[in-house]
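To keep things clear, I will list the structure first and then write my remarks on it.
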Amino acid sequence: MLVLCALVLSASVACEEPEETEIPDDGTVGAVVGGASNDGKGFVDWSDGTATPEMLRGPQGGQHIWVAVRMRGLSHKKLKMTVEMQRVDTGTVVKPGAVPVMSTLKPIADGEFKYQFSAITAFVKCPCQVADKRLRVKLSLSDLYGRKYETIGEITPTWSGDCSAKPSSSCADQ
């Protein structure tokens with residue numbers, strides 16, 4: 001009987017909801033998607049649609065664009081953030097597709113937004129096929145309470161790599 005009580009007690013503790021103080025009290029949800037500096041820090045505003053972030057070479061041979069978010073009205077702890085980029089002209093999803101990240105956002109001193117996260121890595125498998133093309137960057141947010149929010153930005157990324165070779169067959173549809 002004692003073991004059964006211990007199991008019931010531990011199950012009830014494990015199922016507790018996060019503290020009520022985690023839920024924002026202002027009732028407004030909002031977010032903006034932007035970029036980060038080439039070292040993955042800070043916040044670069046993409047709101048006017050004229051941003052031309054550089055696709056960067058990663059240390060393991062891949063390419064990426066740094067994405068950042070400023071947010072309010074969702075719980076900032078263990079926030080799931082998913083980035084998906086899509087070519088505006090064709091609607092094709094930029095390979096390899098959606099990039100999910102879960103992290104706790106840091107508070108910022110911005111009048112409109114309360115939290116920020118920089119350095120979401122949006123991978124780009126075929127940089128030559130998306131360089132200088134208009135991309136729609138969709139950022140989906142989901143907090144511990146099941147609340148969701150999406151925001152979209154548009155960019156025209158640049159690439160300094162050599163694009164003279166014929167693209168691989170896996171990049172042909174980009």
Proxy reagent accessibility, fewest Cβ within 10 Å first, across Glu84, Glu112: Glu112, Glu84
Residue-ordered couplings for the stretch 168-173, obtained by feeding phi - 60° into the Karplus form 6.51 cos²θ - 1.76 cosθ + 1.60 and rounding to whole Hz (Gly and Pro as x), are 5, 4, 6, 9, 4, 8
Per residue of the stretch 150-161, in order, report the coupling 6.51 cos²θ - 1.76 cosθ + 1.60 (Karplus, θ = phi - 60°) as ³J(HN,Hα) in whole Hz, putting x for Gly and Pro. 10, 9, 10, x, 10, 9, 10, x, 10, 9, 9, x
Report ³J(HN,Hα) in whole Hz for each residue of the stretch 47-54, in order, from the Karplus equation J = 6.51 cos²θ - 1.76 cosθ + 1.60 where θ = phi - 60°; Gly and Pro get x. 5, 8, x, 9, 5, 10, x, 7
For Leu79, other-chain or 5+-apart residues with amide H closer than 5 Å (H placed, Pro excluded) are Ser103, Thr104, Leu105
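Please work out the ratio of the alpha-carbon Rg of the stretch 26-156 to 2.2 N^0.38 Å and round it to two decimals.
Working: Rg = 14.2 Å, N = 131, 2.2 N^0.38 = 14.0 Å.
For the stretch 26-156, the normalised Cα radius of gyration is 1.01.
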Near the amide H of Val44, under 5 Å away, which other amide H atoms are found, from residues 5 or more places off or on another chain, if H is placed in the peptide plane? Gly35, Ala36
Would you grab the residues whose amide H sits under 5 Å from the one on Cys126? Only those 5+ places off in sequence or on another chain, please, with H modelled 1.01 Å from N. Lys95
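Each value in this text was obtained by applying a stated rule to the coordinates, not by laboratory testing. All figures in this text were calculated on a predicted structure; none of them were measured in a lab. Every residue, glycine among them, receives a Cβ derived from its backbone with ideal geometry; neighbour counts consider all protein chains shown.
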